[in-house]
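Values quoted throughout were computed directly from the atomic coordinates according to the rules given, and no laboratory measurement underlies them. Worth saying up front: this structure is predicted, and the values here are computed from it rather than measured. All Cβ positions, glycine included, derive from the backbone under ideal geometry; neighbour counts span all protein chains shown.
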Amino acid sequence: MKKKLILFLVFIGLTSCGYESIYTKSKQSKYNTVNKIILDGEKRINRKIISILNFDNNKDSIYSVRIDSEKNNTIAAKDSAGNATIYNLQIKIKFSILRNQKIIKTKNFEDNFNYNKSDNNFDLFQYQQNIEANLIQKISEKIIIFLNS
């Protein structure tokens with residue numbers, strides 16, 4: 001009985017306090033409708049970010065978006081023979097909102113991840129792709145928060 005009462009009070013508290021998820025479509029920012037998207041850098045990363053952010057294209061909008069991406073995959077550590085043992089994958093995004101070709105809001109986003117070398121090159125490649133997708137997702141969530149603030 002106590003568990004049901006506590007669960008009920010928590011539910012009432014969450015619904016009455018004005019809690020709203022930042023990822024809901026109902027809270028659209030004024031920057032979600034753009035007339036132009038300018039992409040520089042890594043094309044595959046840019047395309048994934050655009051698909052996650054889901055901008056509405058409208059020729060009448062006064063806002064444009066510029067995304068400049070960079071991916072660095074470096075060796076973080078080597079063994080005594082000089083072979084790579086740990087890699088570091090870093091993704092940097094410079095996200096800018098333009099109004100009439102002038103930057104009104106800009107922010108740099110960066111995330112990285114260290115991972116161990118695998119003996120199987122195919123598994124290593126698949127793991128790198130998975131890490132890259134996760135980093136892009138995390139950066140996209142940060143961009144959504146930036147747009148809604």
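Computed from the Cβ-Cβ distance with R0 of 30 Å, the FRET efficiency linking residue 75 to residue 103 stands at 0.30. Relative protection proxy for 111-120, 51-60, from highest mean packing down: 111-120, 51-60 (other beta-carbon atoms within 10 angstrom). With the simple model of a label 7 Å out from the Cα in the direction of the Cβ, residue 148 to residue 120 spans 3.9 nm.
Could you tell me the calculated FRET efficiency between residue 6 and residue 137, based on Cβ-Cβ distance and R0 = 35 angstrom, to the nearest 0.05? Mind dumping the intermediate values first?
Numbers: r = 34 Å, r/R0 = 0.96.
That gives a FRET efficiency of 0.55.
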